[in-house]
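Novice: Structure below; questions to follow.
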Amino acid sequence: MGRYGPNLHDVLIVGGGGAGLRAAIAVAETDPNLSVAVVSKVYPMRSHTVSAEGGAAAVIKPDDSLDEHAYDTISGGDWMCDQDAVEAFVKEAPEEMIQLEHWGCPWSREEDGSIAVRPFGGMVKKRTWFAADKTGFHMLHSMFQTTLKYDPIRRYDEYFVTSLLVDDGRCQGVVALELSTGKIEAIGARSVILCTGGCGNVFPFTTNANIKTGDGMAMAYRTGVALKDMEFVQYHPTGLPFTGILITEAARAEGGYLLNKENYRYLQDYDLGVPEEKPVLRSMELGPRDRLSQAFVKELEKGRTFEGPYGPFVHLDVRHLGKDVIEEKIPFVRELCRKYENIDPVHEMIPVRPVVHYMMGGIDTDINSSTSLPGLFAAGEAACVSINGANRLGSNSLTELLVFGARAGISAAEFASKQQKPSNKLEALANDERKRIEKKYFSGYAKKSERISVIRKEMHQTMERGAGIYRTEASLKNSRSKIRELQERLDSCSIRDETFTFNTELIAAIELSYMLDVAESIIESALNRTESRGSHQREDHPERDDQNFLVHSLAYRAEKESPRVEYKPVTITRWPPGERKYG
């Protein structure tokens, strides 16, 4: 029970993954008297953070430095990163990682007992901490267990949030559907933090869990908060062709090769921005993710990829590492290949293809995780600070959960302590939300012909064809028209089950509405950015244009028309824009 009564709290966090749990701990440590709610549509240990494999970046070795980590991040992001945020990030990263060890995270060790680090794509020094190749699993366990010692933290597990509650000009809670009972209720708070993760399921092939449907992004967007830099969508170069399951970058960090159908290490034919004299980048496979994914498309165009039942692919070869190294350093890779591809990477090559992995864009926040809506904060992949710019470097995201999850918790706690208790209008607003859902999804099944699965499939095809690794004005305009059509067709979507209890069909329909909103912001932002930068590649505008586009895009929702896109400058502190090179 909240300090004001049932379902009333000081700080409410939507999402029980890495950013959400770190924020909850930060609130409890900032002010132990504050009541904290963690609302999650899955049990927290099923949050997508648990599936992260490779590691988390932070400076720990004497031959590394904060400036080098900052420069790698900024250059890797093609100068779209806000440099004040990056400097804060790299400074606080080691402190957060050490804190996580004190909470029980079992970081892998060198023989002398020091923290083990591995190289990751785009990093010129070894600075990626890891726990074998189950890093996210161990990080999430450590934080979840830590939250249990704080009595003020109350969890609402398996509650699906359908909207934010905004009254008197500030965010004062959420409307949530309890999946097991079907009860729709208001959960009030003096401040709200969105930690709902990304939206990879807007695309057909993704490493993301099915729960990552852009919920928080869409809810903030609907209240008038901008979505920033949504055109920057990261493809990971090594996903399994059918499931999209990630084969971690750690497999390449340990020395894996990418081979085309001619058994040729094709990456040597492409400019990856990686200097040959950097011994830590001991293979070209550790180039940045966007350029590796783009190289795959070029190989496809040359007819040098394999063709399988689920599309084109190349091979990732780790056989030369030997069974002992594979079992010690990347055991989960072997487990995934055996379970999902029926192959053993000790003896066979792994089929891989680029799959959508991460959104560099998200809810527009400042360096302290605040949004433009008073009382609303965001952290993790749902947010855009921005430290990831046009291309996130591998292993920065897990550390970002910690640094900005903590910052969001502190900011939300400080804001909450200065506010009055939540509005007494919240229950009425929740009733309005219930009526809206019933009217939109339950009325007149017999008259409705559209199916969720059909609309979702067409959305996937539209986004892959028009807003994938390479884009053009024509492809984006076609995608814009199609997404607008799908949004209209969703209003005629038929749901057979007109009850609220365990109604997975209803949840899928609401998630689809979130994804279509996010999709329109991606397309409109990409259409307006007439340059190529990082993961955003316009074939009709192949060059980077710092004069006109060294700016963040801000997409604002507009009723029944395309989003409005505005811009604001990228923050430059110490590193003026230059050629994108590593080292």
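The values are calculated or read from the model by the stated rules, or taken from the named source; none is laboratory data. The structure presented is a predicted model; accordingly, all values stated were derived computationally and were not measured. A quick note on method: Cβ atoms are made from the backbone with ideal geometry, for glycine too, and the neighbour counts reach across all protein chains shown. The accessibility values were calculated without ligands, DNA or RNA, using every heavy atom of the protein model including side chains. Shrake-Rupley method; radii C 1.70, N 1.55, O 1.52, S 1.80 Å.
Novice: Checking the conditions here, which among 124, 86, 117, 59 is β-branched (Val, Ile, Thr) and under 19 Å from the mean Cα position of the chain (by Cα)?
Specialist: 86
Novice: Please identify the pairs in which a residue from segment 218-245 that is assigned to a helix (DSSP H, G or I) has its Cβ atom under 6 Å from the Cβ atom of a residue that is not aliphatic (A, V, I, L, M), counting only partners at least 6 apart or on another chain.
Specialist: Filtered contacts from segment 218-245: 218/514; 218/517; 221/517; 221/557.
Novice: Please specify each residue of segment 428-450 satisfying the condition of being charged (D, E, K, R) and modelled with pLDDT under 85.
Specialist: 447, 448
Novice: Identify, from the list 425, 421, 435, the residue that is of a type in the set (Lys, Arg), open to solvent by 10 Å² or more (accessible area, probe 1.4 Å), in contact with a Lys or Arg (Cβ under 8 Å, 6 or more places away or on another chain) and more than 18 Å from residue 199 (Cβ to Cβ).
Specialist: 421
Novice: Just checking, does segment 329-337 include any residue being closer than 20 Å to residue 570 by Cα and either touching a Pro at 6+ places or on another chain (Cβ under 8 Å) or open to solvent by 20 Å² or more (accessible area, probe 1.4 Å) (or both)?
Specialist: No, because not a single residue in segment 329-337 is closer than 20 Å to residue 570 by Cα and either touching a Pro at 6+ places or on another chain (Cβ under 8 Å) or open to solvent by 20 Å² or more (accessible area, probe 1.4 Å) (or both).
Novice: Here's a follow-up. Conditions first: (1) of a type in the set (A, V, I, L, M); (2) more than 18 Å from residue 122 (Cα to Cα); (3) not in a helix (DSSP H, G or I). Residue 60 passes all but one, so which condition is the exception?
Specialist: (2)
Novice: Next question. Between 155, 190, which is within 21 Å of residue 423 (Cα to Cα), in contact (Cβ under 8 Å) with a residue 12 or more places away in the chain and crowded, with 19+ Cβ neighbours inside 10 Å?
Specialist: 190
Novice: Considering segment 376-424 alone, what residues qualify as being of a type in the set (Val, Ile, Thr) and in contact with a Phe, Trp or Tyr (Cβ under 9 Å, 6 or more places away or on another chain)?
Specialist: Answer for segment 376-424, where residues must be of a type in the set (Val, Ile, Thr) and in contact with a Phe, Trp or Tyr (Cβ under 9 Å, 6 or more places away or on another chain): 385, 387, 399, 403.
Novice: Related question: From 400, 348, grab the single residue that is acidic (Asp, Glu), under 21 Å from the mean Cα position of the chain (by Cα) and modelled with pLDDT of 95 or more.
Specialist: Selected residue: 400, the only one of 400, 348 that is acidic (Asp, Glu), under 21 Å from the mean Cα position of the chain (by Cα) and modelled with pLDDT of 95 or more.
Novice: Could you tell me whether segment 374-397 includes any residue that is among the hydrophobic types (A, V, I, L, M, F, W, C), out of contact with any helix residue (DSSP H, G or I) (no Cβ under 6 Å at 6 or more places or on another chain) and open to solvent by 10 Å² or more (accessible area, probe 1.4 Å)?
Specialist: no
Novice: Do you know which residues across segment 229-263 are open to solvent by less than 10 Å² (accessible area, probe 1.4 Å), touching a Ser or Thr at 6+ places or on another chain (Cβ under 7 Å) and either among the polar types (S, T, N, Q) or over 18 Å from residue 396 (Cα atoms) (or both)?
Specialist: Across segment 229-263, the qualifying residues are 230, 231, 234, 239, 244, 260.
Novice: With within 13 Å of residue 452 (Cα to Cα) and of a type in the set (Ser, Thr, Tyr) as the only criterion, which of 535, 513, 521 stands out?
Specialist: 513 is the lone residue from the list that is within 13 Å of residue 452 (Cα to Cα) and of a type in the set (Ser, Thr, Tyr).
Novice: Can you name every residue in segment 381-402 that is of a type in the set (A, V, I, L, M), part of a helix (DSSP H, G or I) and over 15 Å from residue 361 (Cβ atoms)?
Specialist: 398, 401, 402
Novice: Now for a different question. Would you tally the residues in segment 403-427 being modelled with pLDDT of 90 or more, of a type in the set (Gly, Ala, Ser) and outside any helix (DSSP H, G or I)?
Specialist: Residues flagged as modelled with pLDDT of 90 or more, of a type in the set (Gly, Ala, Ser) and outside any helix (DSSP H, G or I) within segment 403-427 amount to 1.
Novice: Related question: Considering 40, 75, which residue is buried (at least 24 other Cβ atoms within 10 Å of the Cβ), among the polar types (S, T, N, Q) and under 23 Å from residue 179 (Cα atoms)?
Specialist: The conditions single out 40.
Novice: Here are the criteria: (1) in contact (Cβ under 8 Å) with a residue 60 or more places away in the chain; (2) within 23 Å of the chain's Cα centre (by Cα). Tell me which single one residue 473 does not satisfy.
Specialist: Every listed condition holds for residue 473 apart from (2).
Novice: Being under 16 Å from residue 510 (Cβ atoms) and open to solvent by less than 10 Å² (accessible area, probe 1.4 Å) is the filter here, so list the residues in segment 166-187 that pass it.
Specialist: The answer is 174, 175, 176, 177, 182.
Novice: Within segment 132-144, restricting attention to residues that are open to solvent by less than 10 Å² (accessible area, probe 1.4 Å) and touching a Phe, Trp or Tyr at 6+ places or on another chain (Cβ under 6 Å), which residue is nearest to residue 380 (Cα to Cα)?
Specialist: Looking only at segment 132-144, we keep the residues that are open to solvent by less than 10 Å² (accessible area, probe 1.4 Å), and these are 133, 135-136, 139-140, 142-143.
Those still in the list that are touching a Phe, Trp or Tyr at 6+ places or on another chain (Cβ under 6 Å) too: 133, 142.
Values: 133: 21, 142: 17 Å.
Taking the candidates together, the pick is 142.
Novice: So in segment 50-66, with the set limited to residues that are of a type outside the set (A, V, I, L, M) and in contact (Cβ under 8 Å) with a residue 12 or more places away in the chain, which one is most open to solvent (accessible area, probe 1.4 Å)?
Specialist: 63
Novice: For residue 301, state whether it is open to solvent by 10 Å² or more (accessible area, probe 1.4 Å) and under 16 Å from residue 54 (Cβ atoms). Before the answer, list the steps.
Specialist: On the way: open to solvent by 10 Å² or more (accessible area, probe 1.4 Å): yes; under 16 Å from residue 54 (Cβ atoms): no.
In short, no.
Novice: Could you tell me which numbered condition residue 145 fails, if it satisfies all but one of (1) among the polar types (S, T, N, Q); (2) in contact with a Lys or Arg (Cβ under 8 Å, 6 or more places away or on another chain); (3) under 30 Å from residue 247 (Cβ atoms)?
Specialist: Only one criterion is unmet by residue 145, namely (2).
Novice: Please tell me if residue 83 is open to solvent by 10 Å² or more (accessible area, probe 1.4 Å) and closer than 29 Å to residue 127 by Cα. I'd like the intermediate steps shown before the answer.
Specialist: Numbers: open to solvent by 10 Å² or more (accessible area, probe 1.4 Å): no; closer than 29 Å to residue 127 by Cα: yes.
No.
Novice: Can you work out which of the residues in segment 92-104 that are over 22 Å from the mean Cα position of the chain (by Cα) and under 19 Å from residue 379 (Cβ atoms) is surrounded by the fewest Cβ atoms within 10 Å (Cβ to Cβ)?
Specialist: Filtering segment 92-104 for residues that are over 22 Å from the mean Cα position of the chain (by Cα) and under 19 Å from residue 379 (Cβ atoms), the one surrounded by the fewest Cβ atoms within 10 Å (Cβ to Cβ) comes out as 95.
Novice: Only one residue in 568, 560 is more than 21 Å from the chain's Cα centre (by Cα), open to solvent by 40 Å² or more (accessible area, probe 1.4 Å) and modelled with pLDDT under 95. Which one? Full working, then the answer.
Specialist: On the way: 568 fails: modelled with pLDDT under 95.
Only one candidate qualifies: 560.
Novice: Taking segment 86-113, which residues are assigned to a loop (DSSP other than H, G, I, E, B), of a type in the set (Phe, Trp, Tyr) and within 16 Å of residue 403 (Cβ to Cβ)?
Specialist: Step one: of segment 86-113, the residues assigned to a loop (DSSP other than H, G, I, E, B) are 103-108, 110-113.
Narrowing the set further to residues that are of a type in the set (Phe, Trp, Tyr) leaves 103, 107.
Hit for segment 86-113 is 103, nothing else.
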